[in-house]
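The values are calculated or read from the model by the stated rules, or taken from the named source; none is laboratory data. Quick caveat: nothing in here was measured; it's all calculated off a predicted structure. Here the Cβ is made from the backbone with ideal geometry for all residues, glycine too, and neighbour counts use every protein chain on show.
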Amino acid sequence: MIWKREVTLEALNAFNQDCMVGLLDIRFVRIGDDELEATMPVDNRTRQPFGLLHGGASVVLAESLGSVAGWLCTEGEQKVVGLEVNANHLRSAREGTVRGVCRALHTGRRHQVWQIDIFDDQGRMCCSSRLTTAVV
């Protein structure tokens, strides 16, 4: 297990309610030994004017997952801030729910790199994202 903090899904979801994560109804649904998963609805909050999942909403899901995962890998008063995020949008989604799966590529003392893949309801990859964070 890579996590240094003990936290429940209920606590993660409550902690994230009063910010953009809550506004987009992103829900943390699984804490694995080395993965963190969250879902986000594809609805009027997350679609662009042409009816497709907004790329920016996918990036919010990715950065939220990576930042929370990064924080779970820290201790005490340490925090995690994003340094760089990129996203390759591979497939569109028009409705339903997307699921982000976050895995560590590197968890160093000062920097972390996270891979976040986002899938539609049929399990097809919609977005592949990478987030680099700094531990402060």
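Any residue that is more than 15 Å from Thr133 (Cα to Cα), in contact with a helix residue (DSSP H, G or I) (Cβ under 9 Å, 6 or more places away or on another chain) and either assigned to a strand (DSSP E or B) or hydrophobic (A, V, I, L, M, F, W, C) (or both) - is there at least one of those in region 42-60?
yes
Quick check on my filter: what residues within region 28-41 are assigned to a strand (DSSP E or B) and not aliphatic (A, V, I, L, M)? Full working, then the answer.
As a first pass, look at region 28-41 and keep what is assigned to a strand (DSSP E or B): 28-31, 35-41.
Selection gives Phe28, Arg30, Glu35, Glu37, Thr39, Pro41.
Starting from residues that are at pLDDT 95 or above and in contact with a Gly (Cβ under 9 Å, 6 or more places away or on another chain), keep the ones in region 7-35 and report whichever is surrounded by the fewest Cβ atoms within 10 Å (Cβ to Cβ).
Looking at residues that are at pLDDT 95 or above and in contact with a Gly (Cβ under 9 Å, 6 or more places away or on another chain), I get Asn13.
Among the candidates Leu90, Leu105, which residue alone is more than 27 Å from Met1 (Cβ to Cβ), exposed (fewer than 14 other Cβ atoms within 10 Å of the Cβ) and among the aliphatic types (A, V, I, L, M)?
Among Leu90, Leu105, only Leu90 is more than 27 Å from Met1 (Cβ to Cβ), exposed (fewer than 14 other Cβ atoms within 10 Å of the Cβ) and among the aliphatic types (A, V, I, L, M).
Could you list, in sequence order, all residues of region 27-48 that are without any contact (Cβ under 8 Å) to a residue 12 or more places away in the chain and farther than 13 Å from Ala93 by Cα?
Gly32
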